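Everything on this sheet refers to the single structure shown next.
The values are calculated or read from the model by the stated rules, or taken from the named source; none is laboratory data. Only a predicted model underlies this, so the values are computations on that prediction, with no experimental measurement involved. Here the Cβ is made from the backbone with ideal geometry for all residues, glycine too, and neighbour counts use every protein chain on show. Surface areas here come from the heavy atoms of the whole protein model, side chains and all, with no ligands, DNA or RNA. Shrake-Rupley method; radii C 1.70, N 1.55, O 1.52, S 1.80 Å.
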Amino acid sequence: MPSERDERSERMDPVGSERHDDVAEAYDVAEASEADEAADPTAPEQSAGGPDEREPDRSSDEKRGTTARVNRLRDDLGPGYSGSKDIPPPERPGYRGPRPAAAPPQTDETDGPKDSEKRDWGIVLLKTGFAAVAGLVLIFFLGVATSVVGYVALAEQLPSPTELQSRRSAFVSSKIYDREGKLLYEVMDPQGGRRTYVRLDEISPQLINATIATEDRDYWLHPGFDPIALARAVYYVVTEREIVSGASTIPQQLARMVLLPEERFEQTASRKVKEMVLAAELTRVYSKDTILEIYLNELNYGNQAYGIQAAAETYFNTDAADLTLAQASFLAGLPQLPATYDPFGGGLERALSRQEDVLRLMVEDGHITSEQAEQAAAAMKAHTFRPPDVDIDTAPHFIMYVRRIVEERYGSEALYRGAGLRIHTTLDPEMQREAEEAVRTGVTNLADRNVSNGALVALDPETGHILAMVGSADFNDASIDGQVNVALRCRQPGSSIKPLTYLASFERGWTPATLFWDVRTEFPDGANPPYVPLNYDRRYHGPVLLRDALANSYNVPAVSALHYVGVDGLLEMASRLGAESLLHPEESCPEYPADRPPAYGLALTLGGGEVKLLEMTGAFGAFANQGILMDPSPILRIEDSRGNVLVDNGAPAGRQALSPEHAYLITDILADDQARCAAFSCPSILELSRPAAAKTGTTDDYRDAWTIGYTPDLVTGVWVGNSDNAPMVEVPGAAGAGPIWHRFMEAAHAERPVRDFARPSGIVEHEICADSGARPAERCPERKMEVFARGQPPLDESHDWYQMVKIDQVTGLRANPMCPDNVVQRFMLNITDERGREWVRAHPEQFDNLPLVPLEECTESTVHPQVSITSPSTDQRVDGVVRIIGTVQLPEFDHYEAQYGFGRDPQGWGWISGPHLSPVRDGLLTEWDTNHLAPGAYTLRIRAFDTEQRAVEARVQVQVGAPATPTPLPSPTSRATATATPTETASPSPTPTEPSSPLVTPTP
């Protein structure tokens, strides 16, 4: 009777048994020269593997019915069979030897040679084809022979597959040291109570199915390795020049874990070939059930749970046999990256996503239905994980991060196989103590403002070495998810991301002297309503240069800068500086809910995305390192137990992410204590006892507070907030993270000499006008020096505000050849941005009440106002009541007035009449009674105003004489007096006013 296992195998593949026999026969033929057990084919088949002999395995397998068995030797082969015989060449049925052809009759001399040539060519083609086929066959057999010989030779050099049982429990401890060589932590021998071996029939079938579907879906069919996956891996080796596709089956993984531990760091084709040979040998010697049983007991499931029984107890407090579908599918996904998927250390979202992948594979393989998969995923999302106690005294988050890095780069078995590793880290123990104390004290001081957690990362900017890492205020406080390393979590950075935006603008031509108008601005936002950013203080500040805008963290200029460089420009800069989580939160941020990046808007420059503290600190490290980015790393070097260096990161190579000049410009601004006085108190918490650059960040709802700053020797990033994302009580970055940053930086630099930031040779200084940021014009009231990258100087003097401007006195427009007459020069504000002009009109006192330069110039179509006096004429003698004739015509006319003054350059004006509300053309403008005036020279003036109260005037000088009639003599009681010089007389309403921005400038 066939066993259940055989029936299952036949159901899975009707020809599977035949295919297995063929594969087994091929292997047995190749191994016949060393198959001592085949000397007596009548004896029971027996392996030298001791307790794992094949016949006992067969009986036990048949009892469980969990795998299909195939015969490995053909019974009809005699003991002398060697796998090859000398066989004479076969004769094809119907074959005839060659016979001479009869000479054809030649009726024409030309026919014979043509037929002969045809026959010759046919024979040549036939022979060539036969030779090609024979060559291909020969090459094929040579290849097979070479492969067999190479397989046998390589197999003899590798560990015997029979050692699997003896090596399977060969766990060792790896040690983690700080940068001074002091032991931080020892990865303990998992046999100390965290590993329990269980038989395959004591493991839940759901776990078996989930593991096979995830790790090796053709496990029951292949001979130890997957030829298709192997071909794919070979293709990538050829095209990519490196191993980029694993193609590892379960037997290959087991061979690497147990039999090739010393080669775990290699990513070479030779190691892959060795794995395949050992996997094939394991499959030949052991049953698939035995291999799978050992594999499930060897896997590292994280949190020192080695083997499925320890994993079931650690994560679900149950036995491996009792695992449900939800639990089994969750555990099956962990061994790939145990530290990354650690549900107790911040990897729960990743682990749940990984579980969904496992369930999808199980559905594809027919193990479960879609409905069962959905129920299992929902059940695990509702499960509450309770972390076990972790006995790590020093730098627990850092140690867990080191373990995670080693596992991700070299495999989880790297820590526990072979002779053990000696991992020398970059941690500075004294800095770590200072960091932990600074975070703990800082969070405690903010407890009354609903702050419960904090994190800190300190790096050496010249190497990227992580010198200190604090992932939470208390690693053992479950109420704040203390084991979650917030330094590796994605949080909104607030304004701390603004330097990246301004760096992108530097690369597009802007400078520290670029002018912004910090006023209410509506930015387009596609189909959405316009985006109107507000500053932190809810005020606008008018004209500001880029230096002041960044130093004081004003929001409107930052959004203007992002509008200029584009969202993609900022994302490209973030990627260049290593902040990849901002670009792809779906890959880097476990809590991110979608499977694609968000559609960022202009709020991104105010912290509208999420990024990791470690990445942002590394980006600021490039500012301190003259634009060279050093990837943050906790590894100094890795050695084996004999001191052989396997990994050396003592002098890592960086990459030039920024120009040294642009990096220096950002540093010079962030280190300018005086520039930020407008928004921060001076002195501020960001000032140290040595040169230092810093930037804060605060989210609108006070859920995140950041401070990132650096010296030439150290860059430190600090975050404070709450793990549950609850808002703090008005805690900005300077008040929340700032004190922690200040305390740690001062302590970390206590024994270091003072160093200033080195100025690159490509930095130059130029004098600018302090208000406009351009080179100063002659009348600039305040000047200062500013730094620039060579080749990116300030704007020239024509862009300065304070200019003497030629104005057409008649039209009030900027004078040009179209209006050459009546041109005057006036001292005006050369501001053309309409937002700036509105600010000037609303705040004239900030600009000494200077008028704005007109935006328009005279053109051929310009309508010239006409204000003229035709009578009296210049220097005409007048007396009595004088009729004033002339023209007052101007666009948008409002009214005109008539005035007089004493002399040819009056210092004051007397009123004659007005306001007159109708224009006049060559008619009577008014009448002037001169009877009361003393004889002499006078000036007559007609002033016309438009609806904007812009004035145009006409003047004429006349001589006022004695009246024609005798003047009565004064009475004896009166005394003759001289006529006083007329003074300015107020005009009746409406009163003309001096316009703030005249198109036509009134004559003083």
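With respect to residue 774, determine if the residue is within 21 Å of residue 840 (Cβ to Cβ), modelled with pLDDT of 95 or more and not aromatic (Phe, Trp, Tyr). Considered against the rule, which asks whether it is within 21 Å of residue 840 (Cβ to Cβ), modelled with pLDDT of 95 or more and not aromatic (Phe, Trp, Tyr), residue 774 comes out as yes. Taking (1) hydrophobic (A, V, I, L, M, F, W, C); (2) open to solvent by 40 Å² or more (accessible area, probe 1.4 Å); (3) within 20 Å of residue 694 (Cα to Cα) in turn, residue 740 satisfies each apart from (2). Taken as a whole, the condition of being out of contact with any Gly (no Cβ under 7 Å at 6 or more places or on another chain), in a loop (DSSP other than H, G, I, E, B) and more than 30 Å from residue 506 (Cβ to Cβ) does not apply to residue 776. So for the range 638-645 (the condition being touching a helix residue (DSSP H, G or I) at 6+ places or on another chain (Cβ under 6 Å) and either open to solvent by 20 Å² or more (accessible area, probe 1.4 Å) or modelled with pLDDT under 95 (or both)), does at least one residue qualify? No; the residues of the range 638-645 include none that is touching a helix residue (DSSP H, G or I) at 6+ places or on another chain (Cβ under 6 Å) and either open to solvent by 20 Å² or more (accessible area, probe 1.4 Å) or modelled with pLDDT under 95 (or both).
Hey, among the residues in the range 341-358 that are part of a helix (DSSP H, G or I) and buried (at least 23 other Cβ atoms within 10 Å of the Cβ), which one's nearest to the chain's Cα centre (by Cα)? It comes out as 351. Only residues that are farther than 10 Å from residue 801 by Cβ, small (Gly, Ala, Ser) and either outside any helix (DSSP H, G or I) or touching a residue at least 24 places away in the same chain (Cβ under 8 Å) (or both) were counted across the range 814-855, and they come to 1.
Of the numbered criteria (1) surrounded by 13 or more Cβ atoms within 10 Å (Cβ to Cβ); (2) farther than 24 Å from residue 941 by Cβ, the one residue 843 fails is (1). Just one residue in the set 781, 760 is assigned to a loop (DSSP other than H, G, I, E, B) and open to solvent by 80 Å² or more (accessible area, probe 1.4 Å); that residue is 781.
The residues in the range 922-959 that are farther than 14 Å from residue 898 by Cα and touching a residue at least 40 places away in the same chain (Cβ under 8 Å) can be counted, and the count is 12.
Restricted to the range 892-952, the set of strands (runs of 3 or more DSSP E) holding at least 1 residues that are acidic (Asp, Glu) and touching a Gly at 6+ places or on another chain (Cβ under 7 Å) comprises 893-902.
Quick grid of which residues meet (1) open to solvent by less than 30 Å² (accessible area, probe 1.4 Å); (2) within 26 Å of residue 732 (Cα to Cα):
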| residue | (1), (2) |
| --- | --- |
| 495 | yes, yes |
| 499 | yes, yes |
| 508 | no, no |
| 520 | no, yes |
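Scan the range 874-902 for residues that are open to solvent by 10 Å² or more (accessible area, probe 1.4 Å) and free of Cβ contacts under 8 Å to residues at least 40 places away in the same chain and the total you get is 1. Restricting 280, 320, 310 to residues that are farther than 26 Å from residue 406 by Cα, out of contact with any helix residue (DSSP H, G or I) (no Cβ under 6 Å at 6 or more places or on another chain), open to solvent by less than 10 Å² (accessible area, probe 1.4 Å) and touching a residue at least 60 places away in the same chain (Cβ under 8 Å) narrows the list to 280. The single residue among 542, 569 that is closer than 18 Å to residue 522 by Cα and touching a residue at least 40 places away in the same chain (Cβ under 8 Å) turns out to be 542.
Yes or no, residue by residue, for (1) of a type in the set (Gly, Ala, Ser); (2) at pLDDT below 95; (3) open to solvent by 10 Å² or more (accessible area, probe 1.4 Å):
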{"site": "382", "(1), (2), (3)": "yes, yes, yes"}
{"site": "387", "(1), (2), (3)": "no, yes, yes"}
{"site": "396", "(1), (2), (3)": "no, yes, yes"}
{"site": "413", "(1), (2), (3)": "no, yes, yes"}
{"site": "427", "(1), (2), (3)": "no, no, no"}
{"site": "432", "(1), (2), (3)": "no, no, no"}
{"site": "439", "(1), (2), (3)": "no, no, no"}
{"site": "444", "(1), (2), (3)": "no, no, yes"}
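Looking only at the range 465-517, residues that are in a loop (DSSP other than H, G, I, E, B) and closer than 18 Å to residue 569 by Cβ come to 7 in all. Evaluating residue 678 against the criteria (1) more than 28 Å from residue 758 (Cβ to Cβ); (2) out of contact with any His (no Cβ under 8 Å at 6 or more places or on another chain); (3) at pLDDT below 95 leaves one unmet condition, (2).
Every residue in the range 912-921 that is open to solvent by 20 Å² or more (accessible area, probe 1.4 Å) and either of a type in the set (Gly, Ala, Ser) or in contact (Cβ under 8 Å) with a residue 60 or more places away in the chain (or both), please. Across the range 912-921, the qualifying residues are 915, 918. Scanning the range 524-575 for residues that are farther than 28 Å from residue 840 by Cβ, open to solvent by 60 Å² or more (accessible area, probe 1.4 Å) and part of a helix (DSSP H, G or I) returns 568, 572.
Note on the range 359-384: residues that are in a helix (DSSP H, G or I) and either touching a residue at least 12 places away in the same chain (Cβ under 8 Å) or over 22 Å from residue 301 (Cα atoms) (or both) total 17. Summed over the range 632-660, the residues that are polar (S, T, N, Q) and under 20 Å from residue 404 (Cβ atoms) give a count of 2.
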